[in-house]
Amino acid sequence: MKVEEISLKGCFLISPSIFEDERGVFFESFNLGVFKKKTGISKPFVQDNISKSKKGVLRGLHFQKGIHAQSKLISVLKGSVLDVCVDLRVESATYGEHFSVVLDDVNCKQLYIPGGFAHGFLTLEENTLFSYKCDNFYNKEAESGIIFNDDTLNINWNFPEENLIISDKDRLLPTFKH
């Protein structure tokens, strides 16, 4: 397993060792000992979430506030997504910066995003299965977000906006400045 810290401190892109033969593919998707050794992070994950989405579904940018902030380990079980995280840690040198990466069921890469980040993803294929582990339980009162097309963040979703499928709730999220 290869683990590399990306441009946003505390975020890691994880590439598994994939073993392929005539039967198919095998890889270890998570190993707490290896994860802890390569990232220095030992807080356990307590909740797993899975979503299935049509092509063009954009979910986000979401985050949990305060003591309910969630670190996430993101992966794609089937299909592909453009995954985006935004650093909301005011004291961070990369505050307000974002990172995006395509995650899919071929490269099997994962993205670790620490608490204090907003997160969103755009499905690039029909029936995409998206999975993420969280180190804190979801709390409805602590949920918040940033509008996907915020002018300050200027995220390139590389997808025609008129073809995006976005919930009414996500269309009403505030801007980064608010």
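Read-outs: derived from the displayed coordinates by stated rules, not from any lab. What you see is a predicted model, and the numbers here were worked out from it, not measured in a lab. Quick reminder, even Gly has a Cβ in these numbers, built from the backbone with ideal geometry, and neighbours come from all protein chains shown.
Quick look at the numbers
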quantity: Pairwise centroid distance, computed over Cα atoms, of region 94-111 with region 1-78, Å; calculated: 9
quantity: Taking N as its residue count, the alpha carbon Rg of region 46-122 over 2.2 N^0.38 Å; calculated: 1.11
quantity: Neighbour count of at most 10 Cβ within 10 Å plus DSSP loop: longest GluC sites (Glu not before Pro)-free window in the chain; calculated: 92-178
quantity: Calculated FRET efficiency for the pair Asn158/Phe26, C-beta based, R₀ 22 Å, to 0.05; calculated: 0.10
quantity: Extension gain, Lys140 back to Lys38 (0.36 nm per residue minus Cα-Cα distance, nm); calculated: 33.5 nm
quantity: Residue-averaged 222 nm ellipticity for the chain, from DSSP H runs of 4+ at -39500 (n - 2.57), nearest 500; calculated: -1500 deg cm²/dmol
quantity: Globularity index of region 95-178, i.e. its alpha-carbon radius of gyration over 2.2 N^0.38 Å; calculated: 1.17
